[in-house]
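Undergrad: Below: one structure in structure tokens.
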């Protein structure tokens, strides 16, 4: 019976390219020229075209009569796991002295929805996504979810088509670029504390945070908060909870002040 090390090497040392789920009729707008542009965007030579077509198919994409094309949701599921492994390994080597708790926090900032959307936007991945016109016009949280899910699906497609090394090369390139440009950060940014310190040292008193809007169902609510100094609005922000929205508002206030 093979040991754990041998089993892991067998899983990740070679490309695993099972046949993709059948894509009935390839959309006419995903022609060879489009796939070549996708190859340049990903920095990867595509072997199995259908696999990447599936990775770009959002569930809203109109179906063709009796034929139903599988959406990218299953690839998104796999991509999430591959992405966590790659980023975990990346951080393990990048920060050799960091304890497990810090590495976990770093990883959560590099693989959350906002970070994945930032990677996708840097690639302009949305121009390749196959979805309904209404989904294409979505903004805010809905759009962020669509592009971040597609990014994960692309990671899975790369993994299945080219193996673990191909997926790792792609992910590490996006993560490194995002960290270097400041698009995604791994350090704590306590904007509320910084704003409080600034306000008190300049005679503004204590910042006042006001919830101005709540959207979405109870299990998936989005808050919009404004921050006021001397009864004047200095910033606004949104978040999945009040604390996150207040931090975003404080960050905008500091940007406006400076």
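Undergrad: Let me spell it out: the conditions are (1) farther than 29 Å from residue 151 by Cβ; (2) out of contact with any strand residue (DSSP E or B) (no Cβ under 9 Å at 6 or more places or on another chain); (3) assigned to a loop (DSSP other than H, G, I, E, B), and residue 183 meets all of them except one. Which number is the exception?
TA: Result: residue 183 fails condition (1) only.
Undergrad: OK, next. Return the residues of region 114-141 that are at pLDDT 90 or above and part of a helix (DSSP H, G or I); say none if nothing qualifies.
TA: Listed by number, the residues that qualify are 115, 116, 117, 118, 119, 120, 121, 122, 123, 125, 126, 127.
Undergrad: Mind listing whichever residues of region 229-251 are closer than 15 Å to residue 196 by Cβ and surrounded by fewer than 17 Cβ atoms within 10 Å (Cβ to Cβ)?
TA: Taking region 229-251 as the starting set, the residues that turn out to be closer than 15 Å to residue 196 by Cβ are 229-230, 234-235, 243, 246-247, 249-251.
Passing the criteria: 230, 243.
Undergrad: Out of all the residues in region 22-35, which are surrounded by fewer than 12 Cβ atoms within 10 Å (Cβ to Cβ) and modelled with pLDDT of 65 or more?
TA: Those that are surrounded by fewer than 12 Cβ atoms within 10 Å (Cβ to Cβ) and modelled with pLDDT of 65 or more: 31, 32, 33.
Undergrad: Follow-up question, since we're still on this one. Count, please, the residues in region 89-102 that happen to be over 17 Å from residue 168 (Cβ atoms) and either part of a helix (DSSP H, G or I) or touching a residue at least 60 places away in the same chain (Cβ under 8 Å) (or both).
TA: The initial filter retains those residues of region 89-102 that are over 17 Å from residue 168 (Cβ atoms), namely 95-102.
From the residues that got through so far, the ones that are either part of a helix (DSSP H, G or I) or touching a residue at least 60 places away in the same chain (Cβ under 8 Å) (or both) too are 100-102.
Adding up the residues that qualify gives 3.
Undergrad: Within region 217-239, can you find the residues that are without any contact (Cβ under 8 Å) to a residue 60 or more places away in the chain, over 17 Å from residue 256 (Cβ atoms) and in a strand (DSSP E or B)?
TA: 223, 239
Undergrad: Out of 81, 71, which single residue is in contact with a strand residue (DSSP E or B) (Cβ under 6 Å, 6 or more places away or on another chain) and either in the same structural domain as residue 143 (by TED's automatic domain parsing) or surrounded by 15 or more Cβ atoms within 10 Å (Cβ to Cβ) (or both)? If you could, list the steps in order and put the result at the bottom.
TA: On the way: 81 fails: in contact with a strand residue (DSSP E or B) (Cβ under 6 Å, 6 or more places away or on another chain).
That would be 71, the only listed residue that is in contact with a strand residue (DSSP E or B) (Cβ under 6 Å, 6 or more places away or on another chain) and either in the same structural domain as residue 143 (by TED's automatic domain parsing) or surrounded by 15 or more Cβ atoms within 10 Å (Cβ to Cβ) (or both).
Undergrad: Okay, moving on. Here is a check on your reading of the model: is residue 136 free of Cβ contacts under 8 Å to residues at least 24 places away in the same chain and either over 19 Å from residue 166 (Cα atoms) or crowded, with 22+ Cβ neighbours inside 10 Å (or both)?
TA: Details: free of Cβ contacts under 8 Å to residues at least 24 places away in the same chain: yes; either over 19 Å from residue 166 (Cα atoms) or crowded, with 22+ Cβ neighbours inside 10 Å (or both): yes.
When the stated conditions are applied, residue 136 passes them.
Undergrad: Pick from 200, 214: which is farther than 29 Å from residue 103 by Cβ and outside any helix (DSSP H, G or I)?
TA: Working: 200 fails: outside any helix (DSSP H, G or I).
Matching residue, one of 200, 214: 214.
The values are calculated or read from the model by the stated rules, or taken from the named source; none is laboratory data. What you see is a predicted model; the values in this text were computed from it and never measured. Please note: Cβ atoms are built from the backbone with ideal geometry, for glycine as well, and neighbour counts cover all protein chains shown.
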